[in-house]
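Beneath this line is the structure, given in structure tokens, with notes to follow.
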Amino acid sequence: DIQLTQSPSFLSASVGDGVTITCRASQGVRSYLAWYQQKAGKAPKLLIYAASTLQSGVPSRFSGSGSGTEFTLTISSLQPEDFATYYCQQLNSYPITFGQGTRLEIK
Amino acid sequence: EVQLVESGGGLVQPGGSLRLSCAASGFTFTDHYMDWVRQAPGKGLEWVGRIRRKVNSYSTEYAASVKGRFTISRDDSEKSLFLQMNSLKTEDTAVYYCARSYGDFTFWDHWGQGTLVTVSS
């Protein structure tokens with residue numbers, strides 16, 4: 001199975017800050033990586049797919065990059081609604097796996 | 001508007017069975033692969049399994065943790081997805097989500113709101 005390791009697991013930041021979350025895969029996943037945002041009690045929401053493609057309707061302050069084994073999700077200027085948990089997901093091979101999550105909290 | 005609505009969750013004893021449903025609307029159900037994903041209380045996301053389309057012979061994939069106990073099926077005429085869960089264990093306690101994708105290697109762009117399954121004596 002492909003293991004995805006996100007760093008950091010916890011992040012504290014202020015409104016207006018820029019932040020970057022990293023996702024490292026134990027084996028190459030080409031560009032078959034997605035990022036999701038989840039708020040408490042809600043279903044995850046797709047932000048980025050194919051490593052760097054912004055899902056329709058997602059603000060342009062979100063961006064993704066990477067391929068192979070190392071990926072990043074960047075939020076350029078945090079807004080209050082961005083404080084949530086973020087997960088990366090690989091779809092390159094079965095079983096489909098997720099990172100452990102990065103919890104982004106307001107400083 | 002795309003909608004996925006899960007139902008069928010509840011409290012069940014260890015060793016018991018439960019069948020979850022996911023009702024789809026607002027899109028062409030037959031065009032999509034469908035997946036089940038779960039999230040134990042306070043934990044991360046775990047993929048449960050997938051069912052492909054009719055043209056793919058409704059083939060399925062499962063996580064090792066549920067293989068042989070859980071079965072995914074679909075009724076295209078009713079635009080419904082199902083998860084039959086047998087031999088339930090306490091570690092199966094989770095919110096179960098259904099989600100749609102476009103095929104192998106593709107992302108999940110719509111999810112249901114989830115249904116809670118609690119396995120406890």
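The values are calculated or read from the model by the stated rules, or taken from the named source; none is laboratory data. Predicted model, so just to flag it, every value in this text is computed and none were measured. Here the Cβ positions follow ideal geometry from the backbone for every residue, glycine too, while neighbour counts run over all protein chains shown. For the accessible areas, the whole protein counts, side chains as well, though only heavy atoms, and no ligand, DNA or RNA atoms are used. Shrake-Rupley method; radii C 1.70, N 1.55, O 1.52, S 1.80 Å.
Structural remarks
- Over chain B: Rg over Rh, Cα atoms, Kirkwood Rh: 0.95
- Of all the options A:41, A:64, A:16, the one that moves most in a Gaussian network model of chain A with Cα springs shorter than 10 angstrom is A:41.
- Mean partner shielding of peptide A:32-41, defined as the number of other chain Cβ atoms within 10 Å of each residue Cβ, is 2.
- Set of lysines near residue B:67 by C-alpha distance (under 22 Å), chain-local residues within fewer than 8 positions excluded: B:43, B:54, B:89
- Amide H partners (placed H, <5 Å) of residue A:47, local residues excluded: A:35, A:36, A:37
- With all protein chains modelled, accessible area of residue A:56 [1.4 Å, Å²]: 100
- Counting Cβ atoms of other protein chains within 10 Å of each Cβ in A:45-56 and taking the mean gives 2.
- Neighbour net charge for residue B:85 - beta-carbon separation under 11 angstrom, K R +1, D E -1: +3
- For the residues of A:88-95, the average number of beta carbons from a partner chain within 10 Å of their own beta carbon is 5.
- The three principal axes of the C-alpha atoms in the protein assembly as shown carry coordinate ranges of 48, 42, 36 Å, sorted with the longest axis first.
- The modelled label-to-label distance for the pair residue A:42/residue B:28, using points 7 Å beyond Cα in the direction of Cβ, is 3.0 nm.
- Amide H contacts under 5 Å for residue B:117, placed H, 5+ residues apart: B:10, B:94, B:95, B:96
- Solvent-accessible area assigned to carbon and sulfur over the protein assembly as shown amounts to 47 percent, based on a 1.4 Å probe.
- Cut-off under 5 Å, modelled amide H: who pairs with residue A:101 long-range: A:6, A:88
- Each peptide in B:64-71, A:84-91, A:95-102, B:18-25 was scored by the mean count of other Cβ atoms within 10 Å over its residues; highest first, the order is A:84-91, A:95-102, B:18-25, B:64-71.
- The listed residues B:95, A:29 rank as B:95, A:29 when sorted by accessible area, largest first, using a 1.4 Å probe.
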